[in-house]
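Engineer: Input: one structure, supplied below.
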Amino acid sequence: MILYKTEEEIELIRASAKVLAQAHGEVAGLIKEGVTTRELDRRAEEFIKDHGGQPSFKGYNDFPFSLCISPNSVVVHGFPSDYTLKSGDIISVDCGVKLNGYHSDSAYTYPVGEVAPEVLSLLDFTKRSLYLGIEQAVAGNRMGDIGYAIQTSVEKQGYGVVRELVGHGIGKSLHERPEVPNYGKRGAGLKLQTGLVLAIEPMVNLGTKHVVQEKDGWTIRTKDLKPSAHFEHTVVIRKDKAEILTSFEYIEKALQ
Ligand code: MG
Ligand code: MG
């Protein structure tokens, strides 16, 4: 069953998304060479709890942390650890917040220090593809229009689009129907309607689209060990233009 949200529910998700956006900004301010990914996780959890929320990921299917932190060839679902950030890394930080019963979800991939130009381009095109997908997330369009926009824009650059992991509906549950693939056919799939809240999240690899799961049961890595980027917003379908509920505003402020 697909759950369409009322304006009252969207308001609650907007409040959750605001804390999430600020938590991302807190983490962004800490990202530099020499910091462990565990420190980032600790700060995010503290910030979310101080603002009345709960980290959505902690305890979700027994996931043990508040952030998924995925460096370099890790696509998503990496564990925070004693890994120390070093110049040349890219690092994806994925976070969810539950506030007043409603979840929000977003992710951002950062360069650390001096990063190879081809990897910076991967970040740039993946972020752009997220916004191209969001442009298609309007009432009357089809789910395939979102995936088509993302897929064609990044495949044009020679990148691989991950198939095994997809975006999702979101609300009282972190993951609701429908799935939001980052690939698809124009005009195909579910007709998008006002009030549908989606987490749109392109996962794009510099090399092959193929991924493998590590023995911890979570970490997803590129098969060829080349870098992967991930950007995500929670949005609500509207008539002419999706409303983006999460925001990178605090991240961008912290990076200035
Ligand atoms: Mg996420
Ligand atoms: Mg998500």
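Engineer: Positive end of the charge dipole of the chain (Lys, Arg +1 and Asp, Glu -1 on Cβ, about the Cα centre): tell me which of Gly133, Ile31, Leu12 has its Cα farthest that way.
Structural biologist: The residue sitting most towards the positive pole is Gly133.
Engineer: Beyond a 27 Å Cα-Cα separation, which of these cross-linked pairs lie in this structure: Lys5/Lys49; Lys172/Lys241; Lys18/Lys86?
Structural biologist: Lys18/Lys86
Engineer: Continuing with this model, one more query. What order do you get for 198-208, 114-124, 35-45 when each peptide is scored by the mean count of other beta carbon atoms within 10 Å, highest first? Display every interim value, and only then the final one.
Structural biologist: On the way: 198-208: 25.1, 114-124: 14.8, 35-45: 20.1.
Top of the packing list down: 198-208, 35-45, 114-124.
Engineer: Dipole size in debye (nearest 20) for the chain around its Cα centre, Lys and Arg Cβ +1, Asp and Glu Cβ -1?
Structural biologist: Working: 30 positive and 34 negative charges, 133 e Å.
In total the dipole reaches around 640 debye.
Engineer: Along the positive direction of the dipole of the chain (beta-carbon charges: Lys, Arg +1; Asp, Glu -1; about the Cα centre), which of Thr208, Gly184, Leu165 reaches farthest?
Structural biologist: Toward the positive end, the furthest listed residue is Gly184.
Engineer: Given the -39500 (n - 2.57) contribution per DSSP H run of 4+ residues, what per-residue ellipticity at 222 nm results for the chain, rounded to the nearest 500 deg cm²/dmol? If you can, show how the numbers build up before the last one.
Structural biologist: Details: 5 runs with 75 residues, N = 256.
Mean residue ellipticity, 222 nm, calculated: -9500 deg cm²/dmol.
Engineer: If you place +1 on the Cβ of every Lys and Arg, -1 on the Cβ of every Asp and Glu, and leave all else neutral, what size is the dipole of region 160-207 about its Cα centre, to the nearest 20 Debye? Walk me through the intermediate numbers first.
Structural biologist: Working: 6 positive and 4 negative charges, 46 e Å.
Using Cβ point charges on Lys, Arg, Asp and Glu, region 160-207 gives about 220 debye.
Engineer: Give me the aspartates and glutamates in straight-line cross-link reach of Lys223: C-alpha distance below 12 Å, same-chain residues under 8 apart excluded.
Structural biologist: The qualifying aspartates and glutamates are Glu214.
Engineer: Membrane-span-like helices in the chain: DSSP H runs reaching 15 Å or more (Cα, own axis), mean Kyte hydropathy at least -1.0? Present the calculation step by step, with values, prior to reporting the outcome.
Structural biologist: Working: long enough: 7-28 (31 Å, 0.01); 37-50 (20 Å, -1.62); 117-135 (27 Å, 0.32); 143-155 (18 Å, 0.22).
Result, helices passing both filters: 7-28, 117-135, 143-155.
Engineer: Further question: So for the chain, averaging the separation of alpha carbon pairs under 8 Å that are six or more residues apart and normalising by length, what relative contact order in percent results? Walk me through the numbers on the way to the answer.
Structural biologist: On the way: 681 pairs, mean separation 61.8, N = 256.
Computed over the chain, the figure is 24 percent.
Engineer: Taking the simple approach of a point 7 Å from Cα along Cα-to-Cβ for both Ile2 and Lys86, what is their distance in nm?
Structural biologist: It is 4.7 nm.
Engineer: Compare the peptides 232-240, 1-9, 172-180 by average per-residue count of other Cβ atoms within 10 angstrom and give them in order, highest first. Don't skip to the answer; put the middle values down first.
Structural biologist: Values: 232-240: 20.3, 1-9: 12.0, 172-180: 17.0.
The peptides rank, most packed first, as 232-240, 172-180, 1-9.
Engineer: What ranking do 98-107, 73-82, 152-161 get when scored by the average of other Cβ atoms within 10 Å per residue, highest first?
Structural biologist: Values: 98-107: 22.9, 73-82: 20.5, 152-161: 17.7.
Going by the mean number of other Cβ atoms within 10 Å, highest first, we get 98-107, 73-82, 152-161.
Engineer: OK, next. From the Cα gyration tensor of region 1-139, with a ≥ b ≥ c the square roots of its eigenvalues, which class applies: rounded if a/c is under 1.5, or else prolate if a/b is larger than b/c, or else oblate? Don't jump to the answer; show the numbers that get you there.
Structural biologist: Details: a/c = 2.14, a/b = 1.32, b/c = 1.62.
Oblate shape, in that a/c is at least 1.5 and b/c is the bigger or equal ratio.
Engineer: Something else now. With the cut-off at 30 Å, report for the chain the share of all Cα pairs above it, as a whole percent.
Structural biologist: 20 percent
Values quoted throughout were computed directly from the atomic coordinates according to the rules given, and no laboratory measurement underlies them. Nothing here was measured: the structure is a model prediction, and the numbers come from that model. Cβ coordinates were reconstructed from backbone atoms using ideal geometry, including for glycine residues, and neighbour counts include every protein chain displayed.
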